[in-house]
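Values in this text are rule-based calculations from the coordinates and carry no lab data. What you see is a predicted model; the values in this text were computed from it and never measured. Glycine also receives a Cβ, built like all others from the backbone with ideal geometry; neighbour counts cover every protein chain displayed.
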Amino acid sequence: MSDQTKHTANHSDHATLAEAFNADEARVNWHDETLWWIRQKRDKAAHTLPEWEQLRETASQIKHNVLSNLSEYLVQFEKQAKTNGAIIHWAADAKEHNKIVHEIISKHGITQIVKSKSMLTEECHLNEYLKQQGVEVIDTDLGERIVQLADEAPSHIVLPCIHWKKEEIGELFHKYLGTPEGNADPQLLTHAARLHLREKFLTRKIAITGVNFAVAETGEFVVCTNEGNADMGAHLADVHIACMGIEKIIPERNHLGVFLRLLARSATGQPITTYSSHFKKPRKGQELHIVLVDNGRSTQLGREDFRNSLKCIRCGACFNTCPVYRRSGGHSYHTAIAGPIGSILAPNLDMKEYADLPFASTLCGSCSNVCPVKIDIHQQLYKWRQVLVQQGHAPASKKIAMKGMNTVLSNPSLYKIAGKTGRWFIKHLSFTVNNKLNPWYKQREMPETPKESFSEWYKKNRKKPPSPKGE
Ligand code: SF4
């Protein structure tokens, strides 16, 4: 396991982990360019729909309604799903979720299962938990399987192995799947993965899937994939376990049209995901379990400034556009859901552990501009900074520096003296500023200092007002 890859075992902060990612400049450059290319594809796809902004507004309003009436919709969903023949479980947190899933698995005496991509199970660290209980989980989404073979966590919610080069995947597959050494032909690698996964699908009796949308009106749920792996797993298994966060509810089936049109276009620039699979009732002889998980969502719902973050449909558009994410990589966020939205969700779970994340942003607002459900992401990041400082979670160095700045900036004479002293130091003892202890200096040259302050310049150059006539 590389030291910056498993968010579960890593407690370094974003800046330190980003520095590790930045050590490979070529990787940073293509990571940046690839994600920007996807962002541009998203723009083109969005511009093909004249009603794009109307769709975003509608989606945001639907989710607003859901968040305002969440308990009613959840009860309605439970009732309908039970009528359809599903077995419903409620989990207050990740621990309870993992326990419920394990109980279902052990009741059937199974030790090997397949799972299609589900960020909720990543959030709950289900794989690690089940491994400890002696259950082997095979992730069947290709990108997820790649990071799983490499013993890493996904670095992006839609593109889990976006940080991997195809040559590296070739080496990995040679090691684990026996593909020819040095061959990184994507077609060959995909074919090998397909054969490898097909055997797992055909032999595993239990399949776990995520849920993209759960319809309160009908008790059905929809899973969106491009590879069809959720369908393969669920259709071939005797037991289907669907794990969902409680915010995945939408009121009516009619609303799906709004979200499905937004989701794929925002995620990858596709008009629609290849598979948008509806699951309503278990087929004859099959068991269908739905695990509804809170894990901090009710707390976030109660935080007025941050409740809108629960509108997220996990499209990843805010990741692809974020200049910080693109150049620091997903693992630098040391949480299951990285990027701008992850930096809002994570402090809700643990303010101390994730106090660094809302500061990993330029607050440029590009994330809010692309978000298909119109979450005010950059404003929430800014608000989290205030909350975290007020709650005492800012690093001591930052607290001291801010106190010092406050004193200097609120006292004009002190400000002038500090400016003069600073300019003198930079000019005559530049090493006191231009050294590795100064994070700003690490990536850039410090600017040359002006000879004088603006107020000194202004005093010298300001035009004297014309004298009144006659004087
Ligand atoms: S916050 Fe918005 S842009 Fe980011 S993943 Fe969620 S829905 Fe997509």
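Miscellaneous remarks
- Packing-based ranking, highest mean first, of 452-465, 142-155, 290-303 given that Cβ atoms within 10 Å are counted: 142-155, 290-303, 452-465
- Anisotropy class of the chain from Cα gyration tensor, a/c 1.5 cut: prolate
- Sites matching trypsin sites (Lys or Arg not before Pro) across the stretch 323-422 that sit in DSSP coil, with at most 11 neighbouring C-beta atoms within 10 Å: LYS352
- Dmax and Rg, reported as Rg then Dmax, of the stretch 316-370 (C-alpha, Å): 10.2, 29
- Gyration tensor (alpha-carbon) shape descriptor, the stretch 219-285, a/c threshold 1.5: oblate
- A cysteine counts as unpartnered when no other cysteine's C-beta lies under 4.7 Å of its own; in the chain this applies to CYS124, CYS161, CYS224, CYS243, CYS312, CYS315, CYS322, CYS364, CYS371.
- Its Cα centre serving as origin, the stretch 175-242 has a Cβ charge dipole (Lys and Arg +1, Asp and Glu -1) of approximately 280 debye.
- Averaged over residues, the count of other Cβ atoms within 10 Å places the peptides 429-440, 121-132, 235-246, 274-285 in the sequence 235-246, 121-132, 274-285, 429-440, highest first.
- Compared with the dominant principal axis of the Cα atoms in the chain, helix 166-177 is inclined by about 40°.
- Using alpha-carbon coordinates, inclination of helix 94-107 to the longest axis of the chain, degrees: 20 degrees
- When the Cα positions of ASN438, GLY219, THR268 are compared along the charge dipole of the chain, ASN438 comes out farthest toward the positive end, with charges on each C-beta of Lys, Arg, Asp and Glu.
- Stretched out straight at 0.36 nm per residue, the stretch from ARG327 to ILE272 would grow longer than its current Cα-Cα span by 17.0 nm.
- Taken over the Cα atoms of the stretch 265-421, the convex hull encloses 166 Å³ per residue.
- Positive end of the dipole of the chain (Cβ unit charges, origin at the Cα centre): among GLN61, GLY285, ILE249, the Cα lying farthest that way belongs to GLN61.
- Counted by Cβ distance under 15 Å from GLY285, the other residues give a net charge of +2, where Lys and Arg count +1 and Asp and Glu count -1.
- Once the Cα atoms are used to define both axes, helix 256-268 deviates from the longest principal axis of the chain by about 60 degrees.
- Which of GLY330, HIS393, ALA237, positive extreme of dipole for the chain (C-beta unit charges): HIS393
- For GluC sites (Glu not before Pro), the sites in the stretch 239-291 that DSSP calls loop and that have at most 14 other Cβ atoms within 10 Å are GLU252.
- Calculated FRET value between GLU72 and THR34, using beta carbons and R₀ = 56 Å, to 0.05: 0.85
- Among the GluC sites (Glu not before Pro) in the stretch 155-210, those located in a DSSP loop and surrounded by at most 16 other Cβ atoms within 10 Å of their own Cβ are GLU181.
- Proxy reagent accessibility, fewest Cβ within 10 Å first, across TYR382, TYR73: TYR382, TYR73
- Anisotropy class of the stretch 393-436 from Cα gyration tensor, a/c 1.5 cut: oblate
- For the stretch 366-466, the alpha-carbon radius of gyration amounts to 1.53 times the rule-of-thumb value 2.2 N^0.38 Å expected for a compact globular protein.
- Among residues other than CYS315 with Cβ under 10 Å from its Cβ, the summed charge is +3 (Lys and Arg +1, Asp and Glu -1).
- Less than 5 angstrom separates the built amide H of ILE138 from those of ILE113, VAL114, LYS115, all sequence-distant by 5 or more or on a different chain.
- For the chain, the dipole from Cβ point charges (+1 on Lys and Arg, -1 on Asp and Glu) about the Cα centre works out to 1780 debye, to the nearest 20.
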